[in-house]
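S.K.: First, the structure itself, so that you have it in front of you.
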C-alpha cells in the first residue's frame, strides 16, 4: 500500500477521532428527518447530516447556479467529489470516466439515470456499460444526487464505484434564449421555456469546427422536455422526452513518436477518416407522490456508428486498421419503489422492483477503410432482459440509524450471431446484501459505516461465445455477473458555513471479465482490490461566496501476483478538484474551477506511466437586467497536458511488421474563449 493511502487513512482516523472528541461535551440529539439549510457550491449542495447513510453521498442542485464552465456536458459529473471526465475522441463518443481507482472506460462501473431512465448500455458495440451524456442539456439539470460504493439496495448494475441520478427541473423553470460564440468555430443556440410547475421544453443546436488539424465539424441537436400531467388528472405524474442526434469527425489518440518525428502536431491525426454519429430518443412517464410511491416507465431508441483506428497499420499494412462499431436498439423498462409510511415494529420499510429489456437489432464490428466496410468481424442480434427486486428497512436506535437491505438480480437473454457457433442463451442470478449505519454524534457531527455487495454485468455475447471471431480460436464463456464487495467508514461535519466529509473505503471485485468491443471477444483480468480515501471541504463564508475542494487517493491492484504485474492500467492514483464562486458586485459574479489528475500506471508492470495534468476553467457573468453576458475561458492556463494517455503497440507506414510499443495520447484543447448572451423570455 503506497504512502498516499497510508497518509490518507491516518488523516481519516484523526478526523473521525477529533470529531468524536469534539462532540463529547455536546448532547447528541436523536436522529431527525428534517433537512437542514442549504449552502451554495456550484449551485446548492445539501447538508445531509441526519439524512445521509454514508459520507460519500450527496446532492447538488443547479437550480440557482448561473453556469459552471464546461468543455462538454459529461463534465457535469465532476460535481461529484473525486470524479473526473475526459475525452480521447470526438464529442459524440462517451467520455472517459475516472473514480475510486477505476478507469471506468465509458461507464462500466458507474451508473447514471436521467429522470429515472438508466443511460448505461449493456452488450454495447463499444463497451459494456457505455455511458454517453452528450445529449444532456446542462442548464435543465436541477439536481444531481450521487452515491458511491455498493451499499444501496436500489442501485444495481454498473454501480460498483457509484452512481448519479440527474433530475431535470420540476418547478419554476426559467425561460430564456441564449446564444454562444467561441473560438475555432464554436456556436451554440439554446432556448428554454418554462410552463409552470413540472413543465418546460429546451432546445439546443450546436456546431464546432474544433482546434484540431483535422476539423471535428461537430453538429448537434438536443431537445429535452418535461410536462406535468395535472391537467388530465394525474397530479403526481410527469412525462419526460429527449431527442438527441450528433455527428463529428473523431480525432482519436495519436502516437508520441509521430509528434516527436514531426509527422504530425500535437493536434494532428493519423487516420483523418475516423468518425462518429449517434442518436438517442427517450420517452418516460414518472410518478413522485407524497404517499411514498415512486414509479418510472420508459422507452428508448438508440443508434451509434463509431469509426476508429488505434493501431494504424499493425493488423493490415495495406488497408489500415480502421474498424466500425455499430449499435442499434430499443430499450423498454421501468421501476417502482414504495416507502411504507407506517413503521413495522419500529422499522421504516422500503420495497422496490425494476425490469429492463434490450431489443438489439444490430450490434456489430467491421473492418473498414475510410468508412467503407471491408469485412465483418461479427454481427449479432440480441434479446436481453434483466429484473430485480429489493427491500431495505431503517430504524433509529437513539442517535444511531441502521439500514439493512437485500437485492436480488437476474439477467439473461439470447444471442443470434452471424456465426451460428456463437449463438445461444445465457442467464445468471445474484443476491446482494446491503448495510449502512449512521451515528448522529452531535448536531454538527455524524459518523458512518457501510458495507455491501454489488456487481456489474458482462456482455451477454461473452456468455454464449465458443470461438473468437477472425482467429477461430476456442473461447471461454464467462458469467454474466461480476460480483463485488465493498465497505466504507466516514465522517461528516457542518458548522458556521463549513461543511466537511471524509471517507475511507475498500472494494473487491471477484473478476473484471469484460467483452472487448474492439476485438469481438472476451478477456479476463482476474480479481482486483482497491482502497482509497476521500475528502470534501465546502466553505460558504457569506452569501454569494463559496470555496470548494475535494481530494481522492486510491490504491488499485490485481489480486495475487500475476506474472505480468499487478498494476491496473489507467487507475489514477489521485484526483484533486475544486473551485471558487464569488459575487463580486450585485451584478458581476466569477467562477473558477480546477482539476488535477494524478499519475497512473499504463501497463501491468508499471514500466510506463502517465503524467500529472492540471486543467482550469474560468467564468465571468454580468447581469444587465434585460440580458446577461457570460465570458468563459476554458483551459485558462493553456495546459499542454493530455486528456488521456495509453501505452500499447501500433504501426506507422515503414515501421517493422510487429509494430512499436509507444505512448498514445489525446491532447487538451488549447485555451479557448466563448461569449454567451442570455435574454430572458417573459
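The values are calculated or read from the model by the stated rules, or taken from the named source; none is laboratory data. These figures come from a predicted structure and were not determined experimentally. Here the Cβ positions follow ideal geometry from the backbone for every residue, glycine too, while neighbour counts run over all protein chains shown.
S.K.: Could you list, in sequence order, the residues of region 600-611 that are over 20 Å from the mean Cα position of the chain (by Cα) and either loosely packed, with under 15 Cβ neighbours inside 10 Å or touching a residue at least 24 places away in the same chain (Cβ under 8 Å) (or both)? Before you say what the answer is, go through the steps one by one.
M.R.: Within region 600-611, the first condition is being over 20 Å from the mean Cα position of the chain (by Cα), and the residues that meet it are 601-611.
Correct list: 601, 602, 603, 604, 605, 606, 607, 608, 610, 611.
Let's see how each residue does on (1) within 18 Å of residue 253 (Cβ to Cβ); (2) in contact with a helix residue (DSSP H, G or I) (Cβ under 8 Å, 6 or more places away or on another chain); (3) at pLDDT below 95:
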residue: 621; (1), (2), (3): no, no, yes
residue: 633; (1), (2), (3): no, no, no
residue: 636; (1), (2), (3): no, no, no
residue: 640; (1), (2), (3): yes, no, yes
residue: 644; (1), (2), (3): yes, no, yes
residue: 648; (1), (2), (3): yes, no, yes
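S.K.: Then there is this: Are any of the residues in region 153-168 farther than 18 Å from residue 76 by Cβ, assigned to a strand (DSSP E or B), in contact with a strand residue (DSSP E or B) (Cβ under 8 Å, 6 or more places away or on another chain) and in contact (Cβ under 8 Å) with a residue 12 or more places away in the chain?
M.R.: Checking region 153-168: not a single residue is farther than 18 Å from residue 76 by Cβ, assigned to a strand (DSSP E or B), in contact with a strand residue (DSSP E or B) (Cβ under 8 Å, 6 or more places away or on another chain) and in contact (Cβ under 8 Å) with a residue 12 or more places away in the chain.
S.K.: Could you tell me which of the residues 82, 8 is buried (at least 22 other Cβ atoms within 10 Å of the Cβ), modelled with pLDDT of 50 or more and within 30 Å of residue 601 (Cα to Cα)? Outline the logic, then answer.
M.R.: Details: 8 fails: modelled with pLDDT of 50 or more.
Of the residues listed, the single one that is buried (at least 22 other Cβ atoms within 10 Å of the Cβ), modelled with pLDDT of 50 or more and within 30 Å of residue 601 (Cα to Cα) is 82.
S.K.: For residue 463, indicate whether it is over 18 Å from residue 154 (Cβ atoms) and in a helix (DSSP H, G or I).
M.R.: yes
S.K.: Among the residues of region 322-342, write down those that are over 25 Å from the mean Cα position of the chain (by Cα) and touching a residue at least 40 places away in the same chain (Cβ under 8 Å). Step through it out loud before you land on a result.
M.R.: The initial filter retains those residues of region 322-342 that are over 25 Å from the mean Cα position of the chain (by Cα), namely 322-323, 338-342.
Selection gives 322, 323, 338, 339, 340, 341.
S.K.: Does region 662-676 hold any residues that are assigned to a strand (DSSP E or B) and either out of contact with any strand residue (DSSP E or B) (no Cβ under 6 Å at 6 or more places or on another chain) or within 18 Å of residue 264 (Cα to Cα) (or both), and which are they?
M.R.: Our first condition is that a residue be assigned to a strand (DSSP E or B); within region 662-676, this holds for 662-667, 672-676.
The answer is 662, 663, 664, 665, 666, 667.
S.K.: If you take the residues of region 202-216 that are part of a loop (DSSP other than H, G, I, E, B) and touching a residue at least 40 places away in the same chain (Cβ under 8 Å), which of them is nearest to residue 271 (Cα to Cα)?
M.R.: Filtering first and then ranking leaves 214.
S.K.: Just need a number here: residues in region 275-303 that are in a strand (DSSP E or B) and closer than 18 Å to residue 233 by Cβ.
M.R.: 7
S.K.: Looking at region 485-499 only, could you name the residues that are modelled with pLDDT under 95 and assigned to a strand (DSSP E or B)? Walk me through it before giving the result.
M.R.: Quick first cut of region 485-499, residues modelled with pLDDT under 95 only: 494-499.
Result: 494, 495, 498, 499.
S.K.: Let me ask you something else. Which of the residues belonging to region 228-247 are more than 23 Å from residue 73 (Cα to Cα) and either in a strand (DSSP E or B) or out of contact with any strand residue (DSSP E or B) (no Cβ under 9 Å at 6 or more places or on another chain) (or both)?
M.R.: Answer for region 228-247, where residues must be more than 23 Å from residue 73 (Cα to Cα) and either in a strand (DSSP E or B) or out of contact with any strand residue (DSSP E or B) (no Cβ under 9 Å at 6 or more places or on another chain) (or both): 228, 231, 232, 233, 237, 238.
S.K.: I would also like to ask the following. Is it the case that region 204-220 has a residue that's in contact with a helix residue (DSSP H, G or I) (Cβ under 9 Å, 6 or more places away or on another chain), buried (at least 18 other Cβ atoms within 10 Å of the Cβ), under 20 Å from residue 133 (Cα atoms) and modelled with pLDDT of 95 or more?
M.R.: Kept after step one, since they are in contact with a helix residue (DSSP H, G or I) (Cβ under 9 Å, 6 or more places away or on another chain), are these residues of region 204-220: 204.
Then drop every residue that is not buried (at least 18 other Cβ atoms within 10 Å of the Cβ), which leaves 204.
Those left that are additionally under 20 Å from residue 133 (Cα atoms): 204.
From what is left, the residues that are modelled with pLDDT of 95 or more are 204.
Yes, region 204-220 contains a residue that is in contact with a helix residue (DSSP H, G or I) (Cβ under 9 Å, 6 or more places away or on another chain), buried (at least 18 other Cβ atoms within 10 Å of the Cβ), under 20 Å from residue 133 (Cα atoms) and modelled with pLDDT of 95 or more.
S.K.: Let me ask something else. Quick check: is even one residue across region 506-521 surrounded by fewer than 18 Cβ atoms within 10 Å (Cβ to Cβ), within 24 Å of the chain's Cα centre (by Cα), at pLDDT below 90 and closer than 24 Å to residue 560 by Cβ?
M.R.: yes
S.K.: Here's a follow-up. Out of 94, 85, report the one residue that is assigned to a loop (DSSP other than H, G, I, E, B), more than 21 Å from residue 225 (Cα to Cα) and touching a strand residue (DSSP E or B) at 6+ places or on another chain (Cβ under 9 Å).
M.R.: After applying the criteria, what remains is 94.
S.K.: Have a look at 125, 107 and point out the one that is on the phi > 0 side of the Ramachandran plot, out of contact with any helix residue (DSSP H, G or I) (no Cβ under 9 Å at 6 or more places or on another chain) and assigned to a loop (DSSP other than H, G, I, E, B).
M.R.: Every option except 107 fails the conditions.
S.K.: Please verify whether residue 192 is surrounded by fewer than 17 Cβ atoms within 10 Å (Cβ to Cβ), in a strand (DSSP E or B) and modelled with pLDDT of 90 or more, treating the condition exactly as stated.
M.R.: no
S.K.: Which strands (runs of 3 or more DSSP E) does region 526-596 wholly contain that include 3 or more residues that are more than 18 Å from the chain's Cα centre (by Cα) and touching a residue at least 60 places away in the same chain (Cβ under 8 Å)?
M.R.: Qualifying strands (runs of 3 or more DSSP E): 528-542, 545-558.
S.K.: Right, another one. Suppose we keep only residues that are in a loop (DSSP other than H, G, I, E, B) and touching a residue at least 12 places away in the same chain (Cβ under 8 Å) within region 612-636. Which one would you say is farthest from residue 549 (Cα to Cα)?
M.R.: That would be 626.
S.K.: Being within 30 Å of residue 654 (Cβ to Cβ), modelled with pLDDT of 95 or more, outside any helix (DSSP H, G or I) and touching a strand residue (DSSP E or B) at 6+ places or on another chain (Cβ under 9 Å) narrows it down to one residue among 321, 327; which is it?
M.R.: 321
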